[in-house]
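Every number in this text was worked out from the coordinates using simple rules, so none of it is lab data. It should be emphasised that the depicted structure is a prediction, and the values quoted were computed from it without experimental measurement. Note: ideal-geometry Cβ built from the backbone for every residue, glycine included; neighbour counts use all protein chains shown.
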Amino acid sequence: MKLLSAIVPCFNEQDNIFDFYDELMKNEGFFKGQDVDLEVIFVDDGSRDETVSRVKELIQKDERVHLVSFSRNFGKEAAMYAGLQHAKGDYVAVMDCDLQDPPALLPQMYKAIAEEGYDSVATRRVNRKGEPPIRSFFARKFYKIINKMSKAEIVDGARDYRLMTRQFVDAILSMEEYNRFSKGIFGWVGFKNKWIEFENIERKKGETKWSFWKLFVYALDGILAFSTAPLAIASLIGVLFCILAFIFIIVVIVRQWTVGDPNNLVGWASMVCIILFASGIQLFCLGIVGQYLSKAYLEVKRRPLYIVKEEL
Ligand code: UDP
Ligand code: MG
């Protein structure tokens, strides 16, 4: 008998816990037939609503349900990592609690691993139906930019919904970095991966935890975690400005020697503009360096990714 662990990060999902459980267990029959047991690990990411007590209700009824509860909100990345650490399954699935990652896809994903020999099956939504257009626009731009900058393949529309083999999970767990960007990590570890596409499903109950600002910061974190291209760009801008300055110096000297400068005072406005522009670029590049430094700073502290308050 093999075991499939479903990892479900939950942050204030009281209205979705039961629905999710029911939906997931609709697959029970299929997996029985495949000689696979199911286990569900709800990772409570510091919820302030009834999420924990509802999961406990489920645990009373079904011993295959487990709970890992954080001492505060550590973010979905930490919740996923905790889930992967606690999962005992030969196969491990990561899925959202809000049913935007349809559990009905699991049999199809399982078959790809068990019969077609894939190491992981990932999902991507083919459209962004129901999402604010401005968000879709920036999301698309982000994927364009990060794929230009980074070697790890980061797929547009990819969800974190994924079924993995034990070997794949162990590879993910071996990446202990503090600044986690799963979309990149999944691609970085390699292995044979299959993509399954599905239409975007809108969240049934509760609210999304992602504001535009949070997504923007997440996007920046992704770029910083999987690319050093901004540093190279900063150096390049520096070189460019040196060349420009050099050309200007020659122009000024030559002009002084040939026609001279009858009116030394002319040009102070352009001078101010140049100084402002150049110092702006300098601060910008310094900021880029600072971003990497701050990430490295958090990384060397080796703080735990999460703190567990309760485990059932
Ligand atoms: N989530 C979490 N911690 C957070 C934010 C979200 O564990 O700080 C969980 C949330 O409960 C859900 C999943 O991550 O199960 C995806 O969140 P959400 O549906 O808000 O994101 P979206 O689907 O809008 O991208
Ligand atoms: Mg969602």
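Over the chain, Cα pairs under 8 Å with separation of 6+ residues give a relative contact order of 22 percent. Any chance you could give the angle, 0 to 90 degrees and rounded to 10, that helix 76-86 forms with the longest Cα principal axis of the chain? Value to nearest ten degrees: 40. Relative contact order for segment 50-179: 32 percent, from Cα pairs under 8 Å spaced at least 6 residues apart, divided by residue count.
Annotation: the residues 214, 301, sorted from fewest to most other C-beta atoms within 10 Å of their own C-beta, follow the order 301, 214. Of all beta bridges that DSSP places with both ends in the chain, some 30 percent have antiparallel geometry. Partners of residue 309 within straight-line reach, counting lysines whose Cα lies under 17 Å from its Cα and excluding those fewer than 8 residues away in the same chain: 56, 76. In this rough spin-label picture, where each label sits 7 Å from Cα along the Cβ direction, the residue 176-residue 202 distance is 4.5 nm. In the elastic network of the chain, a GNM with C-alpha springs shorter than 10 Å, the most mobile of 57, 39, 77 is 57.
Roughly how many debye, to the nearest 20, is the charge dipole of the chain about its Cα centre, given +1 on each Lys and Arg Cβ, -1 on each Asp and Glu Cβ, and no other charges? Could the numbers behind the result be given before it?
Numbers: 40 positive and 40 negative charges, 229 e Å.
The calculation lands at about 1100 debye.
Ranked for footprinting exposure by Cβ neighbours inside 10 Å, fewest first, 21, 297 give 297, 21. Listed by chain and number, the lysines whose alpha-carbon sits under 16 Å from that of residue 148, ignoring those within fewer than 8 places in the same chain, are 183. Modelled spin labels at residue 138 and residue 151, positioned 7 Å past Cα toward Cβ, are 3.1 nm from each other.
Of 102, 133, 230, the residue with the greatest mean-square motion in the GNM of the chain, using alpha carbon springs below 10 Å, is 133. The spacing between segment 273-312 and segment 79-103, judged by their C-alpha centroids, is 29 Å. For segment 159-171, 3J(HN,Hα) computed residue by residue from phi via the Karplus equation (6.51, -1.76, 1.60; θ = phi - 60°) reads 9, 7, 5, 7, 10, 10, 7, 4, 4, 5, 4, 4, 5 Hz, glycine and proline entered as x. Tilt of helix 212-226 relative to the longest C-alpha principal axis of the chain, in degrees (0 to 90, nearest 10)? The answer is roughly 80 degrees. In this structure, the amide hydrogen of residue 37, modeled 1.01 Å from its nitrogen in the peptide plane, lies closer than 5 angstrom to those of 2, 3, 4, counting only residues at least 5 positions away or on a different chain.
Can you give the relative contact order of segment 128-216 as a percent, counting alpha carbon pairs under 8 Å and 6+ residues apart? Each step should come with its number before you reach the end.
Working: 38 pairs, mean separation 32.7, N = 89.
Once normalised by length, the contact order is 37 percent.
Quick one: among 218, 110, 81, which has the greatest mean-square fluctuation in a GNM of the chain with alpha-carbon springs under 10 angstrom? Of 218, 110, 81, the Gaussian network model singles out 218 as fluctuating most. Summed over qualifying helices (DSSP H, 4 residues or more, each -39500 (n - 2.57)) and divided by its residue number, the chain shows a 222 nm mean residue ellipticity of -16500 deg cm²/dmol.
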